Amino acid sequence: MDDLSEFFDFFNDTSYTLTESVVTVEVPLCNKGNVIQFGAAFLPAFYYTNFLLSLVGNALVLYIIFKYEKLSTVTNIFLLNLVISDLIFASSLPFWAVYHKSEWIFGRSLCKLVGSCYTIGFNSSILFLTLMTFDRYLAVVHAISAAQSRRNTYAFASAATVWMLSIFASIKDIVLYDVMDGSNGLLCEVTGYHQTILTKWELVGYYQQFLLFFLVPLVIVLYCYIRITIRIMSTRMMAKFRAVKLIFVIVFTFFICWTPYNVVILLKAIKTSVGDLNDCSEALDYALYITRNFAYLYCCISPVFYTFLGKKFQSHFLKLLSKHMPCLKLDTLMSMPSNGSKTTSGAQTRITDH
């Protein structure tokens, strides 16, 4: 709480005066030559890989939804929105790959558009994952009462709220991102305003990311899956231990992929708000490069990850393979459960199937 107090004190500080909000001089940048070289060698290949994984994986999820499922269910509406958000995020990665390899060659308008698409996709992805977790919690823990409230209206209203929050969080990127001349070519960065204003908006972005798009979702995810686990363990399910194991995998993966990146974000916020603004140490820059890409990877594969944990979507995928690879047809039929072999209760179905 002390850090947050210092942050708001910093924002309310009126000890300085500005004659102009917008300045024509360039914002002074630290010499990050080593970090830039590291990014140029490491990031482009990673971004292209993430883009291809997201494109192929999300296209597969979309095909299965439209081929075998209905968009009239709440879960599929959320899943469709998650796929869209991940595709929006992934669409920005090739641009950043080229940028890190050389310089920004796409112009001022695309600098603002790509920067905002990155933010909208990245933030909406984590919110939709949280929303899907909460919906799963309602379906399992409050199955009877939630049956009346989990309607399409609830799904569309929830999805619209997520998109509005994500777009609102990206407004600063639309305003602040611009093309500027750097020592190694054209840069697409936040620029054009006094350093004090840019520092304050940087802090807004850091604390917004950590609090709204990590800490709150993490608390909700942990609470929901703890309650789901307690509910499952209190029933007489034959496959309840498999369901608990799946929950552990989901929470563990979420925690591993998102926590390091957001810890680095918090450290950068603390450094910016209470540290020396002229400190050009590179340790956090390297840490941000590495940890951010784990979060990127999770964003790109999350629809595939969440979809194919469910037996129903696994069955759809096997049907799809059997049509294009007839040699798998026998194995597909053998792997699909018969109508009389269901040993799990409705709650288990809601955990593993979407």
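Some notes on this structure:
- For E189, distant residues with modelled amide H under 5 Å away: D178, M180
- Sequence-ordered 3J(HN,Hα) estimates for the range 245-256 from the Karplus curve with 6.51, -1.76 and 1.60 and θ = phi - 60° stand at 5, 4, 4, 4, 5, 4, 5, 5, 5, 4, 5, 5 Hz, glycine and proline given as x.
- Rounded to whole numbers, the Karplus 3J(HN,Hα) couplings from phi for the range 119-128 are 5, 4, x, 5, 6, 5, 4, 5, 6, 5 Hz, using 6.51 cos²θ - 1.76 cosθ + 1.60 with θ = phi - 60°, and x at Gly and Pro.
- 3J(HN,Hα) from dihedral phi, the range 171-179, Karplus parametrisation 6.51/-1.76/1.60, rounded to Hz, x for glycine, proline: 4, 4, 6, 4, 6, 8, 5, 7, 8
- At 0.692 mPa s and 37 °C, Stokes D of the range 97-168 from Kirkwood alpha-carbon radius, µm² per second: 224 µm²/s
- Semi-axis lengths, Å, the range 127-273, gyration tensor of Cα atoms, sqrt of 5 times eigenvalues: 40, 19, 12
Since every read-out is calculated from the coordinates, none of them should be taken as a lab result. All values derive from a computational prediction rather than experimental measurement.
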